[in-house]
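S.K.: One structure is given below, represented as structure tokens, and several questions about it will come after.
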2 protein chains.
Amino acid sequence: MDLQHAARMAKTAATRLSALDGATKNEALTQIVKALEADTAAITAANRQDLAQAEKDGLAAPLLKRLRFDEAKIQEACAGLRSLIQLPDPVGVTLSALELDRDLELYKVSRPIGVIGVIFESRPDALVQISSLCLKSGNALLLKGGSEAARTNRILADTITAAATRAHLPDGWLGLLETRDEVTEMLALDRFIDLIIPRGSNEFVRYIMDHTRIPVLGHADGICHVYVDREADLQMAVRVAVDSKCQYVAVCNAAETLLVHQDAARAFLPAVRDAFTQKGVALRGCAATRRIIDIPSATDEDWRTEYLDLMLSIKVVADMDAAVDHINTFGSGHTDVIVTADRSKAVRFMDRVDSADVFWNCSSRFSDGFRYGLGAEVGISTNKIHARGPVGMEGLLIYQWRMMGKGHVVADYSGEGAKAFTHKQLHKRFGQSHAEPTP
Amino acid sequence: MDLQHAARMAKTAATRLSALDGATKNEALTQIVKALEADTAAITAANRQDLAQAEKDGLAAPLLKRLRFDEAKIQEACAGLRSLIQLPDPVGVTLSALELDRDLELYKVSRPIGVIGVIFESRPDALVQISSLCLKSGNALLLKGGSEAARTNRILADTITAAATRAHLPDGWLGLLETRDEVTEMLALDRFIDLIIPRGSNEFVRYIMDHTRIPVLGHADGICHVYVDREADLQMAVRVAVDSKCQYVAVCNAAETLLVHQDAARAFLPAVRDAFTQKGVALRGCAATRRIIDIPSATDEDWRTEYLDLMLSIKVVADMDAAVDHINTFGSGHTDVIVTADRSKAVRFMDRVDSADVFWNCSSRFSDGFRYGLGAEVGISTNKIHARGPVGMEGLLIYQWRMMGKGHVVADYSGEGAKAFTHKQLHKRFGQSHAEPTP
């Protein structure tokens, strides 16, 4: 099936999907759980083939780990689907209701975005998660997975599609792309695709962002900072810095730079150096840092680098404002932390640091959809519009304005003797008549 | 002042502006009202110069009208500013509050977007409106007005800047660009500018959208439809169709195409033809339409055309689904209307038409920020993310996630003996301690 055709079908399916009631969508999700369980043997067999090929191709161990989709992973995916079924239908929720005049009512109602283009590397579990989130939120999707997971993705897409069809979902709501050429072509399909969500390496995400007019939800870099203030509890600061850097180094919310108030440096730096050395973290520092602890020197390039590894750059700053300036200059607007005992300074830090997530006295590693209680995560966004930080299902929704009148025309509200608008807030949902009680 | 410098200053100012309290921002707005009133003579004098030049240059009458900024317009702008002052501070509002664990709290707090790039043609009142909306919502801005309004825009920007400085607003929060070259340059400044709002002709907006990586909030075309269903009250349908087309033809929310259910066509078309003929509207129709009323034929090109004039295309459709398909194919996702006595069909229409605004039994011309009770309007958006339809101050806001802990680290919540998250909703605002009562 060619991509243009798949995109056109997804667009048509999106219209129908957006109008489905919650029960139908839940029935489809239930069918998908059943099918994944019934097809477990075939899915894991396909995944073992992908794994064998990937090992032969010399794929790195962490990538092999992400590629694995065994029975336990399928069970985990099914558990995720079951909690998704429990959630209320996110589509058609009345966000505001206003009377403009007698019998002229305006509603703002939540709606799906339309067609979501998802491009991800490895991780077959992402396919299950993102397609079920799109289904629940009434969005169609075009998926492109990594070639190393081709067999697993194909059988998963087939299983999900067949199950959804049994629940009468419209054909074409899930399209799977299978060649790399199709990604380039997909990025040009702004007529059909409303939002692109890329999940993968920085270079990969940046490439996507640079090559499409379609809005992209995601993040390229995650250059996160921990700032240790003069008023910090230094033991706490060591603990937060170590967790932020070391708890899992290969992820976007791990810290890359430690900023230290000059008045705290002498007491703090030796202690934090010892803690990091124990964890095997290689340190680099500015001149002021190196006057206190003996580590290699950091350059401006370090402040801009996301190591994603057991490495950390350290800079001594004059005060909190200098730390904020550094973060706003070199950071990526992802997650930044202040450690201080002074609550008003923490609030000032949050007011001034222009990042999606700003934390006081806790690890940057908390920046994550599961920890935020969002349920399944669509991705983490460093965008300045629509959705920011860890994004749950909300990121797949927009709204529509719906007005209900009885023949009202604007001519009556303009010029000589114009009628006035009442603009009175209504306490009811869209579709609820006056007689029905407020929920 | 060169643009790079202005953009850098705006970025720095944005950080400070985002941290200002509501009282300071209101004081700046108050100073601006006073200054506009005090400088009225100078402002209107500059505007008369622009008008004289524009007349000499042969600017069309409607553009001349939009360019005029006389004492009455200044008074109107000041009234708008006074109502803006009355609104609560939109920044720092707690959107959600969640306990993750004991003493570990997560807040979602409203925040400004950052630096807004505004590009508009004529209309000096847009300068006052958009700069005051940005100020109230804590955003810095770079403004480029039409060259025909150069003198008016310059004195307005100077007046506003001087007044805001008296209220201690940061330097550079409002930058005025004065040459056309700067627009092209501005579109490349994605490092500094977070959102572009273009206000002007379709071609102008489409040019902006096609030439920048910065997100654009706006709409190019406004191809709006009125669909007259089989179950329509035909008198009401004539009234709604005429208002949608004629109440003001040169605007994006005016109707361009009338769709008529085949079973209503014979009774409806002659009546609506008479009504439109009286209003001087030139009609074009499909073959089925022309079998009933004698008008020139419409082509596919007509369905894609925003006339913005006393012209209307008419198509007879088999049923409501065919009308929906036509709208989703040829429309621009702006505003579409159904006239029917059948409420369930109206809801089905709204569920399926993928437009920002969908109306039942009322004119498309209601699609407007003032009529929606949004206060001042940032613009009308046909985007599928962030903000849709008429956009008020909300469109200039995003949120930030703020976490407050007491040294919490992720290591305690993973692996063997992991602590569990409580994910308990908190009923308090960010910054409010446990002791304070819930508002």
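The values are calculated or read from the model by the stated rules, or taken from the named source; none is laboratory data. These numbers were taken from a predicted model, which means no experiment stands behind them. Every residue, glycine among them, receives a Cβ derived from its backbone with ideal geometry; neighbour counts consider all protein chains shown. Quick note on the areas: whole protein, heavy atoms, side chains included, nothing else; ligands and nucleic acids left out. Shrake-Rupley method; radii C 1.70, N 1.55, O 1.52, S 1.80 Å.
S.K.: In chain B, what percent of the accessible surface is made up of carbon and sulfur (1.4 Å probe, ligands and nucleic acids excluded)?
M.R.: On the way: 8780 of 17600 Å².
The value for chain B is 50 percent carbon and sulfur by accessible area.
S.K.: For A:Lys428, list the lysines whose Cα falls under 18 Å from its own Cα; do not include residues on the same chain fewer than 8 positions away.
M.R.: The reachable lysines, counting only those whose Cα sits under 18 Å from A:Lys428, are A:Lys108.
S.K.: Separate question: Across segment A:252-262, in residue order, what do the Karplus-derived ³J(HN,Hα) couplings come to in whole Hz, using 6.51 cos²θ - 1.76 cosθ + 1.60 with θ = phi - 60° and x for Gly and Pro?
M.R.: For segment A:252-262, the Karplus-derived couplings read 5, 8, 7, 6, 10, 9, 10, 10, 10, 4, 4 Hz, x marking Gly and Pro.
S.K.: What number, in nm² with one decimal, is the all-direction average of the projected area of the convex hull of the alpha-carbon atoms of chain B? Could you put the intermediate results ahead of the total?
M.R.: Numbers: hull surface 106.5 nm².
For the Cα atoms of chain B, the hull's average projected area reads 26.6 nm².
S.K.: Also: Could you tell me the center-to-center distance, by alpha carbons, between segment A:407-424 and segment A:239-271 in angstrom?
M.R.: Between the Cα centres of segment A:407-424 and segment A:239-271 lies a distance of 61 Å.
S.K.: Next up: Ordered by residue, what ³J(HN,Hα) values in Hz, to whole numbers, does segment B:229-241 give under the Karplus form 6.51 cos²θ - 1.76 cosθ + 1.60, where θ = phi - 60° and Gly and Pro are x?
M.R.: 7, 4, 8, 7, 6, 5, 5, 4, 4, 4, 4, 5, 5
S.K.: Still on this model: Only four residue types carry charge here, +1 at the Cβ of Lys and Arg and -1 at the Cβ of Asp and Glu. Report the dipole size of segment B:110-230 about the Cα centre in Debye, rounded to the nearest 20. Present the calculation step by step, with values, prior to reporting the outcome.
M.R.: Values: 13 positive and 15 negative charges, 74 e Å.
Dipole size: approximately 360 debye.
S.K.: If you don't mind, another one. Between B:Asp210 and A:Arg266, what FRET efficiency follows from the Cβ-Cβ distance if R0 is 56 Å, with the result rounded to 0.05? Show your work: numbers first, answer last.
M.R.: Numbers: r = 56 Å, r/R0 = 0.99.
Working from the Cβ atoms, E equals 0.50.
S.K.: Once you compute Rg and the Kirkwood Rh from C-alpha atoms, what is the Rg to Rh ratio for the protein assembly as shown?
M.R.: On the way: Rg = 28.7 Å, Rh = 29.2 Å.
In the protein assembly as shown, Rg relative to Rh is 0.98.
S.K.: Hey, which lysines would be in cross-link range of B:Lys73, C-alpha to C-alpha under 26 Å, not counting anything within fewer than 8 residues on its own chain?
M.R.: A:Lys419, B:Lys25, B:Lys34, B:Lys56, B:Lys65, B:Lys136, B:Lys144
S.K.: While we're here: Could you pull out the GluC sites (Glu not before Pro) across segment A:119-194 that fall in loop regions by DSSP (anything but H, G, I, E, B) with no more than 16 other Cβ atoms inside 10 Å?
M.R.: Working: sites: A:Glu121, A:Glu148, A:Glu178, A:Glu182, A:Glu185; in loops: A:Glu121, A:Glu178.
When the GluC sites (Glu not before Pro) of segment A:119-194 are filtered for loop state and at most 16 Cβ neighbours within 10 Å, A:Glu178 remain.
S.K.: Quick one: Debye curve from the C-alpha atoms of segment B:363-436, no solvent, what's log10 I(q)/I(0) at q = 0.19 Å⁻¹?
M.R.: -0.88
S.K.: Something else: Can you work out which chain A residue has the shortest Cβ-to-axis distance for the rotation that carries A onto B, and give it in Å?
M.R.: Of all Cβ atoms in A, the one closest to the rotation axis yields A:His386, 2.
S.K.: If you don't mind, another one. How would segment A:300-430 be classified by its alpha-carbon gyration tensor: rounded, prolate or oblate, with rounded meaning a/c under 1.5 and the a/b versus b/c comparison settling the rest?
M.R.: On the way: a/c = 3.06, a/b = 2.32, b/c = 1.32.
Note, shape of segment A:300-430 comes out prolate.
S.K.: On the principal axes of its Cα set, how long, how wide and how thick is segment B:150-237? Give whole Å, largest value first.
M.R.: Answer, in whole Å and largest first: 61, 30, 24 Å.
S.K.: Net charge around B:Arg166, counting only other residues with Cβ within less than 11 Å of its Cβ (Lys, Arg = +1; Asp, Glu = -1)? If you can, show how the numbers build up before the last one.
M.R.: Numbers: positive: B:Lys34; negative: B:Glu27.
Summing Lys and Arg as +1 and Asp and Glu as -1 gives 0.
S.K.: Determine, at each q value in 0.17, 0.20 (inverse angstroms), the log₁₀ of I(q)/I(0) that the Debye formula gives when each Cα of segment A:224-368 is one equal point scatterer.
M.R.: With no solvent term, the Cα-only Debye profile gives -0.82, -1.21.
S.K.: Give the nm distances, rounded to one decimal, from A:Asp325 to the matching residue in every other copy, measuring between label points 7 Å along Cα toward the beta carbon; shortest first.
M.R.: So the label point of A:Asp325 gives 6.3 nm to the other copies.
S.K.: For the interface of A with B, what's the total buried accessible surface in square angstrom, probe 1.4 angstrom, rounded to the nearest hundred?
M.R.: Working: alone 20950 and 20930 Å², together 35210 Å².
So the total buried area for this chain pair works out to about 6700 Å².
S.K.: Can you give the extra length, in nm with one decimal, that the chain gains between A:Arg180 and A:Glu71 once fully stretched, where that is 0.36 nm per residue apart less the Cα-Cα distance?
M.R.: Values: separation 109, 0.36 × 109 = 39.24 nm, distance 2.86 nm.
That pair, A:Arg180 and A:Glu71, stretches by 36.4 nm at full extension.
S.K.: Distances from A:Phe370 to the same residue in each other copy, label points 7 Å out along Cα→Cβ, in nm, shortest first?
M.R.: Label point to label point, same position, other copies: 5.3 nm.
S.K.: Right, another one. Sorting A:Lys11, B:Lys56 by accessible area (1.4 Å probe), largest first, what list results?
M.R.: Details: A:Lys11 55, B:Lys56 165 Å².
The ranking, largest first, comes out as B:Lys56, A:Lys11.
S.K.: Would you mind checking which residues have amide H under 5 Å from A:Arg111's amide H? H placed 1.01 Å from N; only 5 or more apart, or other chain.
M.R.: Excluding prolines and chain starts, which carry no amide H, the hits are A:Gly92, A:Ile398, A:Tyr399, A:Gln400.
S.K.: Going by amide H atoms built from the backbone, whose H comes under 5 Å of the H on A:Ser96, apart from near neighbours?
M.R.: A:Lys108
S.K.: Given +1 on the Cβ of Lys and Arg, -1 on the Cβ of Asp and Glu, and no further charges, what dipole in debye does segment B:224-368 carry about its Cα centre, rounded to the nearest 20? Write down the numbers at each step before the final one.
M.R.: Values: 16 positive and 22 negative charges, 83 e Å.
With only Lys, Arg, Asp and Glu charged at Cβ, the dipole is about 400 debye.
S.K.: Along the Cα→Cβ direction, 7 angstrom out, place labels at A:Ala250 and A:Arg429. What is the inter-label distance in nm?
M.R.: Calculated label separation equals 4.5 nm.
S.K.: Can you check what the net charge comes to around A:Leu133, using other residues whose Cβ is under 12 Å from the Cβ of A:Leu133 (Lys, Arg +1; Asp, Glu -1)? Working shown, then result.
M.R.: Numbers: positive: A:Lys25, A:Lys136; negative: A:Glu377, A:Glu394.
Residues near A:Leu133 contribute 0 overall.
S.K.: With only Lys, Arg, Asp and Glu charged, each at its Cβ (+1 for the first two, -1 for the last two), find how big the charge dipole of segment B:291-439 is about the Cα centre; round to the nearest 20 debye. Write down the numbers at each step before the final one.
M.R.: Details: 17 positive and 20 negative charges, 199 e Å.
Roughly 960 debye for segment B:291-439.
S.K.: Put a label point 7 Å from Cα along the Cβ direction on A:Gly58, then list its distances to the equivalent points in the other copies in nm, shortest first.
M.R.: Values, ascending and in nm: 7.1.
S.K.: At what distance in angstrom do the alpha carbon centres of segment B:372-387 and segment B:138-188 lie from each other?
M.R.: Measuring centre to centre over Cα atoms gives 22 Å.
S.K.: Let me ask something else. For segment B:316-352 and segment B:1-53, what is the separation of their Cα centres, given in Å?
M.R.: 44 Å
S.K.: Going by alpha carbons, how many degrees (0 to 90, nearest 10) lie between the helix axis of B:40-56 and the longest principal axis of chain B?
M.R.: Between the helix axis and the principal axis of chain B, the angle is about 40 degrees.
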